[in-house]
Amino acid sequence: MTLRHFLASVFLVLGFFVSPVLASDEPSKTPASASEIKSTAPEKSEEGRENDIWKSERKDTIDAGKLFGKIIQHLEDTYELHFISVKVPLPILFNDGFGFHYFSSLENLEASADYKLRDPVKYDEQKKAKLFGFVTPWERRDGKETGFTLDLSVTANRFFLVVAMVVLLLLTSIAGRRAKTVLVPKGTHNLIESLVVYVRDEIVYPNVEKKWADKLMPYFLTIFFFIFAINLIGLFPLTKTPTGNLAVTVTLAICTFILTQIMGIRTMGLAEYLKHFTGGLHSMDIPLAMKIVLIMIMVPIEFIGLFTKPFALTMRLFANMTAGHIVIGALIGLALLFQSIVAGFAVSVPFALFIYLLELLVAALQAFVFTMLSAVFVGMMVHEHHEEHSEHHEADSHVIVEVAI
Amino acid sequence: MNPSAFAYLSAGLGAAVAVVGAGVGIGKLATGALEAMGRQPELSGGIRTTMIIAAALIEGLALFALVICIILSGK
């Protein structure tokens, strides 16, 4: 229990620290949904705003590229919660070269003496200049360089991370309390227990050696429930998907990466752990000169392989969750593009509903895949050590390890 | 022609090629898995798990390409 609590808090803390925020360029003006674009757009087009999806000369046509931009913008993190037309400001906390700052909302930041919001057009350019757009939406009024900014603001994504955590803590504590007294599971207890048993029997036991499987169960359960809960929260209307943010998925993958390496060092010892970078060549019976050449080739490959695994984990979860939301947004956007109610009901609604149901499957599948691959990676590390000392393998785990390599 | 048009074009073409590759890969994988399950239904549980892992790895490659395309289209 304590380990699980520890891991949950580690996720939270890392999630806060690692995620530099992807902020939207006009935090106070971004429409919350496609429906709002439609309802508010005509007035905006009269103002002739550059960023508007409605072309200023003709009010009945839409620029598809700008519509796509709006969909992408909708997926980005914001410093306030949008509920259609209601905006709930979230606190802004950050630490930069000038010390620690706290503002209760973006408006308060704009009103402060030291900081102001960036000019939207310049901010867009600055974001495009960086690969993932990690630029703070504010700058010093005196124009000084702020240096490294540690952004600890409670953004929309972080808010929903905390929501996921609270929901999970409630559900698991209810289930945990019932499990002590009741033998036959029912209700919440049944829901959680069936998932826990599934993770244990289908994911962890076939991949990780039994000796370590029970010790590592809390970690796998934590990532499974955490990712599953976040993915599902993202499917509620008017919410954000924190797993659709690279920072969150990077953090999760780093956790798995660290665990894998620690398990490797613990089971093999440091010397054996370093030797496994030769891909098993060090113990092969081949001429020494050939061995050295092969090792020189193998070590860089194995070393790159070390980092492609967490990178693949990161990208898979991020891209899956983002792609689904973009597709739903694009399908809803079709109704706006065709300017027709018939198209809306004949194309947008049924297709968006279909993708939405598919997303429900993907939400569960990605949690499963992430946990499964984490278990496989950890299992490989534990397994390599195991291989040298005994010949007893479970047929199951062997096949899976072979495939994963 | 606007230079950014080429970025959009290459992003679209890149996404298409990546998806074709992944589609062929996952299709072959599913064929193999279904045949194996048909021959030995008692092993279908293990085969399904292995299939999902392999599918996830193939999908991961396709998603790398798609992310590059998205970044390209954002430029």
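What follows is calculated from the coordinates using simple rules that are stated; it is not laboratory data. Quick caveat, the model's predicted, so the values are computed rather than measured. A quick note on method: Cβ atoms are made from the backbone with ideal geometry, for glycine too, and the neighbour counts reach across all protein chains shown.
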Exercise. If we only count strands (runs of 3 or more DSSP E) wholly inside the range A:90-144, which ones have 3 or more residues that are of a type in the set (A, V, I, L, M, F, W, C)?
Worked result: A:92-96
Problem set entry | Residues within the range A:253-270 that are of a type in the set (A, V, I, L, M, F, W, C) and in contact (Cβ under 8 Å) with a residue 40 or more places away in the chain, tallied | 7
Problem set entry | Of residues in the range B:27-71 being away from chain A (no Cβ under 12 Å) and among the aliphatic types (A, V, I, L, M), the one nearest to residue A:127 (Cα to Cα) | B:30
For this session: Please tell me if residue A:355 is without any contact (Cβ under 8 Å) to a residue 12 or more places away in the chain, under 29 Å from residue B:71 (Cβ atoms) and away from chain B (no Cβ under 13 Å).
Result: no
Exercise. Residues in the range A:313-335: is at least one away from chain B (no Cβ under 12 Å), in a helix (DSSP H, G or I) and over 30 Å from residue A:229 (Cα atoms)?
Worked result: yes
For this session: Looking for whichever is of a type in the set (D, E, K, R) and within 14 Å of chain B (Cβ to nearest Cβ) here; the options are A:201, A:151. Which one fits?
Result: A:201
Exercise. Of B:46, B:23, which residue is in contact with a helix residue (DSSP H, G or I) (Cβ under 9 Å, 6 or more places away or on another chain) and either exposed (fewer than 13 other Cβ atoms within 10 Å of the Cβ) or not in a helix (DSSP H, G or I) (or both)?
Worked result: B:23
For this session: Within the range B:54-66, track down each residue that is surrounded by fewer than 18 Cβ atoms within 10 Å (Cβ to Cβ) and closer than 23 Å to residue A:129 by Cβ.
Result: B:64
Problem set entry | Some residue of the range A:201-210 being more than 23 Å from residue A:320 (Cα to Cα), touching a helix residue (DSSP H, G or I) at 6+ places or on another chain (Cβ under 8 Å), touching a residue at least 40 places away in the same chain (Cβ under 8 Å) and among the charged types (D, E, K, R) | yes
